[in-house]
Amino acid sequence: MNIEMILLFLPGFLIGLTVHEAAHAISAMWLGDSCSAKMGRVSLNPMKHLSPMGTLALMFLGFGWGRPVIVNLYNFKKPKFYYLLSSLAGPASNLMLSAIALGVIYLRPHWVIEWICLSVYLVNAILATINLLPIPPLDGSKIWPCLIPGMQPVISRKWTRVWMGVLIVMIYTGATGKIIGPVIGFLVSLLPGTV
């Protein structure tokens, strides 16, 4: 990834990943699971949520990740439903950030603010989209089983590793581009003409 792309994506990635993981932690805590709170993850401090390897991967490979928030669904009074809500919290927070950033862009702020908002807008909409895919360890792998009757919302670590490999292959073969490409096209169409 070239330096221009890193500079474009980095602010949105840092803000989006921090809010995404904090949203999981805060929602899990509100719903009755204190695991994330005990681990210090109920925080908007990026250092609590960044993965060194995930951040380096973003810069050199074009995709990255944060430290996942640990949620124990058996601490919830309604395990499947509350697990669904805590899993949806991350992508929902990214969509909210994206919408707010787009609104600020339409206000024509100073170019530095506009550049940060453009990054937040694009990256967070992409994060929300990718995280809805039903592939472990993405949030979609927890969301969809909670919505489909008879499915278990927890996937073994062995299968998570297998699916992680599938996800990496999808990224490098361009399969994810077929999903993200139209999303980016739609996002760009929503921007004001001179951005």
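Of note:
- Once you reduce segment 1-80 and segment 132-154 to the center of their Cα atoms, the two points are 18 Å from each other.
- Relative to the longest principal axis of the Cα atoms of the chain, the long axis of helix 52-61 makes an angle of roughly 40 degrees.
- Label-point gap, in nm, between Cys35 and Met53 - each point 7 angstrom along Cα→Cβ: 1.9
- Highest mobility in the GNM of the chain, judged by mean-square fluctuation with C-alpha springs under 10 Å and restricted to Asn124, Asn94, Asn45, is found for Asn45.
- Within a Gaussian network of the chain (alpha carbon springs, distance under 10 Å), most fluctuating of Thr129, Thr18, Thr173: Thr173
- Compactness ratio for segment 3-190: Cα radius of gyration over 2.2 N^0.38 Å (N = residue count) comes to 1.03.
- The peptide list 100-113, 139-152, 23-36, 73-86, put in order of mean Cβ contacts within 10 Å with the highest first, becomes 23-36, 73-86, 139-152, 100-113.
- Tail beyond 19 Å, pair distance distribution of segment 5-92 (Cα, percent): 39
Read-outs: derived from the displayed coordinates by stated rules, not from any lab. Every value quoted in this text rests on a predicted model; they were computed, and no experiment measured them. Don't worry about glycine lacking a Cβ; one is built from the backbone with ideal geometry, like all the others, and counts go over all protein chains shown.
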